[in-house]
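S.K.: My questions all concern the structure below.
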Amino acid sequence: MPKQAIIHPSIERVDIIETPIPEPGAKEVVIKTVVAGANPKDWKFSLWEEWAQSDALDPEIKSQVPPSPGAHNSGDDVAGIIYSVGADVSEFKPGDRVAAMHVTITENGGYAEYTVAPAYLTFHIPQHVSFEEAATMPTAALTAALALYSDLRVPTPYDSQHIRDKCKNVPFLVYGATTSIGAFGAKLARLSGFYPIIGVAGRAGEFANTLVDYVIDYRIGEDAVVQAVEGILKKEQLGGKVPYILDAISEHGSLETTLRLVDPNGTISVMLPPKLFARDPKNFEYPAGVTAINAATPQVLSTHKDFAYLWSRYFAKLLEDGRLKAHPYEVVPGGLDGVLTGLRNLRDGKNSGFKYVFRIKETDLTKGPRTHTAKSST
């Protein structure tokens, strides 16, 4: 019987269980998973209830924080082969190579031999793109697209040339340029015509240099980062502040640094709410003229379904044309048996500039249900 991994909130235990092949809903597809990709949210469940109880959290936001989901299959990014499709699905058929984003905190997630995903969050993989490459994309690329084209409202790669030309000599800053979201954000900003693109990164500086025009190492400290950005803007004769910022980190001081860099009338997209993740949440505040938006990925499951449908298909086009490349990756050995190790490494910050992926075929399918613990995985 097919297997899937159930991740416990503590990230101290993963259970490999057996479940039947799922049936798709009318507008869903079932994918025989070849590769699953990991995201930070896959291990952050235990933080949710703590966040929900924070005094710094606005009551209206607090009411929207979901309860901790408990132990479940937390994988959302998958690449594989269509196994079956729902009654209302006409775009895909069994045997198609696809990548997809699974609906967060629902059954039949990505850490499994078979995954269920909505058809609108599924896209065809070009033949020259590997399953490993494709599995790095769904959540991160969609989040980056939300940040740029829904939040920042910048020109798209498919806008006419004269519109994209308006992005020349308009600085765009990506804090966390080598994270998967930051890297896709930088790539999309390049396709939209921005120059100069300034990236703040760390250990993966060499990779950052392939993405942006200027790289600044955040480890030099907040004041030095601010001075370095201002120096670049002065060199390029572009004033002293940045009109568009994508903060792909949104914690550990990045919110405070980007606050000092954003133009008084600029726009900034953050991944995490400052009321929770600023150093001084109660007193953190953007100037009146700054538009700050939290690029919340779950929007693609509710208010931004059409956006997600269009961009998922556009990603396939960009991949086919070679205008967009997937994120670098590292294969964690063992398939589903390696999920605990991969998520703990992700939590501990052992990756930089690449994404962890799991080849499902590497799972030991000869064994029955079993449990992996942190002690046994070290």
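S.K.: Within the range 22-32, track down each residue that is outside any strand (DSSP E or B), open to solvent by less than 60 Å² (accessible area, probe 1.4 Å) and either β-branched (Val, Ile, Thr) or closer than 17 Å to Glu113 by Cβ (or both).
M.R.: At the first step, the residues of the range 22-32 found to be outside any strand (DSSP E or B) are 22-27.
Narrowing further to those that are open to solvent by less than 60 Å² (accessible area, probe 1.4 Å): 22, 24-26.
Residues satisfying the conditions are Pro22, Pro24.
S.K.: Taking the range 351-368 on its own, how many of its residues are surrounded by fewer than 17 Cβ atoms within 10 Å (Cβ to Cβ), assigned to a loop (DSSP other than H, G, I, E, B) and at pLDDT 95 or above?
M.R.: Counting residues in the range 351-368 that are surrounded by fewer than 17 Cβ atoms within 10 Å (Cβ to Cβ), assigned to a loop (DSSP other than H, G, I, E, B) and at pLDDT 95 or above gives 1.
S.K.: In the range 187-199, is there at least one residue being of a type in the set (A, V, I, L, M, F, W, C) and in contact with a Gly (Cβ under 6 Å, 6 or more places away or on another chain)? It would help to see each step written out before you state the result.
M.R.: Keep residues of the range 187-199 that are of a type in the set (A, V, I, L, M, F, W, C), which gives 188-189, 191, 194, 197-198.
Cutting the leftovers down to in contact with a Gly (Cβ under 6 Å, 6 or more places away or on another chain) gives us none.
Scanning the range 187-199 turns up no residue that is of a type in the set (A, V, I, L, M, F, W, C) and in contact with a Gly (Cβ under 6 Å, 6 or more places away or on another chain).
S.K.: While we're on this one: Can you report the number of residues in the range 245-264 which are touching a strand residue (DSSP E or B) at 6+ places or on another chain (Cβ under 8 Å) and open to solvent by less than 20 Å² (accessible area, probe 1.4 Å)?
M.R.: Matching residues across the range 245-264 total 11.
S.K.: Of everything in the range 269-285, what is open to solvent by less than 20 Å² (accessible area, probe 1.4 Å) and closer than 22 Å to Arg219 by Cβ? Give them in sequence order.
M.R.: Of everything in the range 269-285, those that are open to solvent by less than 20 Å² (accessible area, probe 1.4 Å) and closer than 22 Å to Arg219 by Cβ turn out to be Val270, Ala278.
One line per residue, one yes/no per condition, for (1) touching a residue at least 60 places away in the same chain (Cβ under 8 Å); (2) among the polar types (S, T, N, Q); (3) open to solvent by less than 10 Å² (accessible area, probe 1.4 Å):
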site	(1), (2), (3)
Asp88	yes, no, no
Asp96	no, no, no
Val103	yes, no, no
Tyr111	yes, no, yes
Ala117	yes, no, yes
Phe123	yes, no, yes
Glu133	yes, no, no
Met137	yes, no, yes
Leu142	yes, no, yes
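Okay, residues lined up against (1) closer than 28 Å to Val89 by Cα; (2) crowded, with 16+ Cβ neighbours inside 10 Å; (3) at pLDDT 90 or above; (4) in contact with a Gly (Cβ under 8 Å, 6 or more places away or on another chain):
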| site | (1), (2), (3), (4) |
| --- | --- |
| Lys3 | yes, yes, yes, no |
| Ile6 | no, yes, yes, no |
| Ile16 | no, yes, yes, no |
| Val34 | yes, yes, yes, yes |
| Gln53 | no, no, no, no |
| Ala56 | no, yes, no, no |
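S.K.: Given (1) among the aliphatic types (A, V, I, L, M); (2) in contact with a strand residue (DSSP E or B) (Cβ under 8 Å, 6 or more places away or on another chain); (3) open to solvent by 10 Å² or more (accessible area, probe 1.4 Å), identify the lone condition not met by Leu152.
M.R.: (3)
S.K.: Let me ask something else about it. Under 6 Å between Cβ atoms, at least 6 apart or on separate chains: pull out the pairs that start in the range 196-207 with a residue that is more than 25 Å from Gly240 (Cβ to Cβ) and end on any residue that is surrounded by fewer than 19 Cβ atoms within 10 Å (Cβ to Cβ).
M.R.: From residues that are more than 25 Å from Gly240 (Cβ to Cβ), the pairs are Arg203/Ser352; Ala204/Ser352.
S.K.: Also, quick follow-up: List pairs: first in the range 325-346 and over 16 Å from Ala79 (Cβ atoms), second acidic (Asp, Glu) and open to solvent by 30 Å² or more (accessible area, probe 1.4 Å), Cβ under 7 Å, 6+ apart or cross-chain?
M.R.: Qualifying pairs under 7 Å: Pro333/Glu362; Gly334/Glu362; Asp337/Asp364.
S.K.: Residues of the range 202-218 being under 17 Å from Leu255 (Cβ atoms) and either loosely packed, with under 15 Cβ neighbours inside 10 Å or within 20 Å of the chain's Cα centre (by Cα) (or both), which ones?
M.R.: Across the range 202-218, the qualifying residue is only Gly202.
S.K.: When you scan the range 209-322 for helices (runs of 4 or more DSSP H) that lie fully inside it, which ones turn up with 1 or more residues that are of a type in the set (Phe, Trp, Tyr)?
M.R.: Those helices (runs of 4 or more DSSP H) span 274-277, 305-321.
S.K.: Which residues, taken from the range 286-341, are open to solvent by less than 10 Å² (accessible area, probe 1.4 Å) and touching a Pro at 6+ places or on another chain (Cβ under 6 Å)?
M.R.: Across the range 286-341, the qualifying residue is only Leu319.
S.K.: A follow-up question, please. Could you tell me whether Tyr158 is out of contact with any strand residue (DSSP E or B) (no Cβ under 8 Å at 6 or more places or on another chain) and either open to solvent by less than 30 Å² (accessible area, probe 1.4 Å) or among the hydrophobic types (A, V, I, L, M, F, W, C) (or both)?
M.R.: no
The values are calculated or read from the model by the stated rules, or taken from the named source; none is laboratory data. Because the structure is a prediction, the values reported are computed rather than measured. In this analysis, Cβ positions are derived from the backbone assuming ideal geometry, glycine residues included, and neighbour counts consider all displayed protein chains. Calculation scope for accessible area: heavy atoms of the full protein, side chains included, ligands and nucleic acids excluded. Shrake-Rupley method; radii C 1.70, N 1.55, O 1.52, S 1.80 Å.
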